[in-house]
């Protein structure tokens with residue numbers, strides 16, 4: 001029995017819905033055998049040819065379909081969308097955009113081309129444009145799940161987690177069994193500070209969709225933020241099993257193993273992660289912060305930062321002209337950490353020492369209000385120029401900065417957790433610099449310069465930095481001379497023996513490395529009257545380090561673990577230590593400042609990267625260059641010498657106690673003078689260039 005044309009298309013569509021593509025293709029071929037210029041059949045066959053990779057054949061079919069439809073006065077939007085799919089399959093994203101635009105020029109509300117335009121903009125980091133396409137489509141196709149999902153992703157990328165959460169929650173209600181939507185909602189919950197809810201959505205997504213690498217990776221992050229480290233490690237391991245090429249999970253697995261001191265097998269995982277830098281089409285989303293703890297060269301760190309920034313952050317606007325200022329320079333500080341946070345405590349004095357006759361200071365805070373004395377002190381220093389932008393999207397926060405007429409913006413988080421570099425994307429200030437929190441290049445075009453010094457970034461290393469380098473004439477790391485100095489606690493109260501030499505390392509556990517730990521164990525094995533005092537990071541970390549100590553012939557009981565305590569209590573107990581030990585490749589920064597302020601000398605071994613050289617900069621400025629070693633072998637021998645001659649440590653301790661009030665490292669007023677001169681130079685140089 002011969003089918004009518006309508007019946008033939010209906011049967012072909014039924015085959016397609018059932019996944020029987022070959023049977024559907026036979027029907028379309030049969031229609032074309034009878035009607036060679038049928039636009040609909042030509043389009044459907046072209047779609048099959050695109051899927052099969054027969055692009056030239058598909059193009060010929062689309063050309064024929066377009067010509068026939070124009071002659072017959074039939075709608076053209078589906079054919080133009082077919083061209084868009086053809087261009088996309090061939091890698092021509094610009095051609096795909098143009099074809100979609102032709103489609104909506106003849107059918108303004110066509111869903112498929114509007115949705116593809118939104119997706120293309122999202123993939124290119126054009127988050128505002130993606131939102132606009134989604135909203136335009138949703139005005140005519142309300143509640144369309146794929147559009148809502150795209151809109152939620154665009155809002156997430158634009159730094160508007162609250163809005164993204166509302167959109168994606170609604171989308172999940174419409175499609176409760178869509179694992180992709182649940183995964184994105186889980187990721188947005190992480191951005192919005194809701195890790196418990198994130199875990200619920202992500203575990204549901206895994207139950208629905210299987211062991212997807214992205215979902216496992218996000219679940220690992222959620223578990224980590226909740227504090228369930230074992231579950232986090234298991235989730236990252238599951239993600240790597242699901243997709244061994246998924247770079248974000250590899251990076252998170254490396255970081256988690258470092259944090260838990262799970263060093264057995266770590267070299268192989270890290271080598272696999274580093275190898276992705278040599279694969280042009282590898283997933284570029286390797287967090288630059290994770291990279292700081294890996295054994296990378298400065299060139300590799302630059303590659304990691306550039307790849308991450310291009311893949312994750314919004315496309316930055318072109319630099320704006322810097323205008324000559326007749327009055328005071330308006331300087332804005334953008335940070336999450338204007339609170340009881342290590343960098344907040346160290347920077348408070350810098351804000352108080354500002355020369356208000358030359359500078360107007362503005363604070364843009366997107367961190368929590370912790371009610372601390374540190375935060376109150378910082379807020380007082382800024383006065384009426386304090387701005388809380390935590391509830392604003394990136395674009396709205398940037399608008400606030402722009403409205404204040406900021407000349408020079410100091411970004412204070414970089415690629416560390418919770419940073420919002422997206423605020424810089426639209427260039428709300430003519431000059432945008434990064435300072436202190438992230439010790440390395442950001443690799444992002446929206447950042448004009450990085451503030452450092454001649455030790456952390458030596459002359460000749462400029463090629464390894466995406467930004468222009470601005471060097472302080474002293475250690476770039478600010479300190480606050482007004483910070484308190486509590487009385488020393490007793491050793492017994494701190495859980496320390498009275499008759500042993502106390503080596504202390506209060507760096508986060510992910511900074512510990514097998515090579516440096518082996519040196520510590522070697523010296524402790526040779527000098528029995530020594531203990532190692534570490535910051536506790538959970539039972540698993542403790543057990544692992546005790547196991548490595550036993551392997552090295554050191555009684556695990558000689559490893560002592562200190563809990564987290566308030567800052568004043570920490571400094572009081574830290575003063576009991578005899579020597580602070582630096583780590584490599586990511587060394588002591590704030591912890592080094594704390595030790596030297598407490599009168600505890602620091603032994604360091606600088607490497608090739610910024611993060612490894614801060615300890616050397618601190619010691620050089622503190623006038624203790626003899627504690628800067630030149631290699632790990634030198635570090636080992638110097639540590640042994642100091643352990644064998646405790647009187648030398650006492651001399652260093654007495655020097656730090658005696659010079660605390662006039663030590664250049666703690667000269668906040670002098671630092672502020674050099675700092676302000678640097679800011680003026682940076683602005684003037686930008687003005688001259690633009």
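Read the figures in this text as sums done on the coordinates, not as results from a lab. Because the structure is a prediction, the values reported are computed rather than measured. Here Cβ is always computed from backbone atoms with ideal geometry, including for glycine, and neighbour counts include all displayed protein chains.
For a protection proxy built on the mean count of beta-carbon atoms within 10 angstrom, sort 450-460, 286-296 highest first, please.
286-296, 450-460
Assuming a ≥ b ≥ c are the square roots of the Cα gyration tensor eigenvalues, decide whether the stretch 495-538 counts as rounded (a/c under 1.5), prolate (otherwise, with a/b larger than b/c) or oblate.
oblate
I'd like to know how the stretch 33-173 sits against the 2.2 N^0.38 Å rule of thumb: what's its Cα Rg over that expected value?
1.16
Based on a Kirkwood Rh over C-alpha pairs, give the Stokes-Einstein translational diffusion coefficient of the stretch 501-666 at 10 °C and viscosity 1.306 mPa s in µm²/s.
It diffuses with D of about 100 µm²/s by this estimate.
Given Cα positions, please report Rg to Rh for the stretch 1-108, the hydrodynamic radius being the Kirkwood one. Before the final figure, lay out each step's value.
Working: Rg = 13.9 Å, Rh = 14.2 Å.
Looking at the stretch 1-108, the ratio lands at 0.98.
Using the beta-carbon distance between residue 56 and residue 98 and R0 = 25 Å, what value does 1/(1 + (r/R0)^6) give for FRET efficiency, to the nearest 0.05?
My answer for the efficiency is 0.85.
Suppose we keep just the alpha-carbon trace of the stretch 546-590; what are its Rg and Dmax in angstrom?
Answer for the stretch 546-590, Rg first and Dmax second: 13.4, 36 Å.
Give the calculated FRET efficiency between residue 468 and residue 3 to the nearest 0.05, with a Förster radius of 45 Å applied to their Cβ-Cβ distance.
Taking R0 as 45 Å, the efficiency between residue 468 and residue 3 is 0.05.
Can you give the percent of C-alpha pairs in the stretch 466-595 whose distance is more than 18 Å?
I get 58 percent for the Cα pairs in the stretch 466-595 exceeding 18 Å.
What relative contact order, as a whole-number percentage, does the stretch 511-578 give when Cα pairs under 8 Å and 6 or more residues apart are counted?
Once divided by the residue count of the stretch 511-578, the mean separation gives 34 percent.
How much length would be gained if the chain were fully extended between residue 630 and residue 192, taking 0.36 nm per residue of separation minus their Cα-Cα distance, in nm to one decimal?
153.2 nm
Ratio of the stretch 212-283's C-alpha Rg to 2.2 N^0.38 Å, to two decimals?
Compactness ratio reported: 1.04.
With an 8 Å Cα cut-off and a minimum separation of 6 or more residues, compute the relative contact order for the stretch 334-427 in percent. List each step's numbers first, then the result.
Working: 108 pairs, mean separation 31.1, N = 94.
It comes to 33 percent, rounded to a whole number.
Take the Cα gyration tensor of the chain, multiply each eigenvalue by 5, square-root it, and list the three semi-axes largest first, rounded to whole angstrom. Intermediate values should be presented prior to the final figure.
Details: eigenvalues 613, 181, 89 Å².
Square roots of five times the eigenvalues give 55, 30, 21 Å.
What is the packing order of peptides 322-328, 424-430, taking the mean over residues of other C-beta atoms within 10 Å and listing the highest first?
Most protected by this proxy first, the peptides run 424-430, 322-328.
Using alpha carbon coordinates only, what is the Rg to Rh ratio of the stretch 213-341, with Rh defined as the Kirkwood radius?
Using Cα coordinates only, the ratio equals 1.10.
Over all directions, what mean area does the Cα convex hull of the stretch 593-645 project, stated in square nanometres?
3.7
Roughly how large, in nm² to one decimal, is the mean projection of the convex hull of the alpha-carbon atoms in the stretch 381-491?
For the stretch 381-491, averaging the hull's shadow over all directions gives 10.3 nm².
How much space per residue, in cubic angstrom, does the convex hull of the C-alpha atoms of the stretch 516-558 take up?
63
Taking the mean number of other Cβ atoms within 10 Å as a proxy for protection, how do you rank 646-656, 346-356, 373-383 from highest to lowest?
346-356, 373-383, 646-656
Report the relative contact order of the chain, percent, no decimals, based on alpha-carbon pairs under 8 angstrom and at least 6 residues apart. Walk me through the numbers before you get to the answer.
Working: 1202 pairs, mean separation 60.6, N = 690.
Once normalised by length, the contact order is 9 percent.
Where in the stretch 64-100 does the label zone of residue 37 land, with the point 7 angstrom along Cα→C-beta and an amide N cut-off under 14 Å?
Answer for this model: 64-74.
Quote the Stokes-Einstein diffusion coefficient, in whole µm² s⁻¹, for the stretch 323-375, based on the Kirkwood radius over alpha carbon pairs, a temperature of 25 °C and a viscosity of 0.890 mPa s.
After rounding, the answer is 201 µm²/s.
Under the 0.36 nm per residue contour assumption, what length would be gained going from the current alpha-carbon distance of residue 684 and residue 141 to full extension?
Answer, rounded to one decimal: 190.3 nm.
For residue 106 and residue 275, compute 0.36 nm times the residue count separating them, minus their Cα-Cα distance, and round to one decimal in nm.
Answer, rounded to one decimal: 56.0 nm.
Starting from the 7 Å offset along Cα-to-Cβ, what nm value, one decimal, do you get for the label separation of residue 539 and residue 14?
6.3
Once every DSSP H run of n ≥ 4 in the chain is given -39500 (n - 2.57) and the sum is divided by its residues, what mean residue ellipticity at 222 nm do you get, rounded to the nearest 500 deg cm²/dmol?
Mean residue ellipticity, 222 nm, calculated: -17000 deg cm²/dmol.
For an R0 of 45 angstrom, estimate the FRET efficiency from the Cβ-Cβ distance between residue 74 and residue 228 and round to the nearest 0.05.
It comes out at approximately 0.15.
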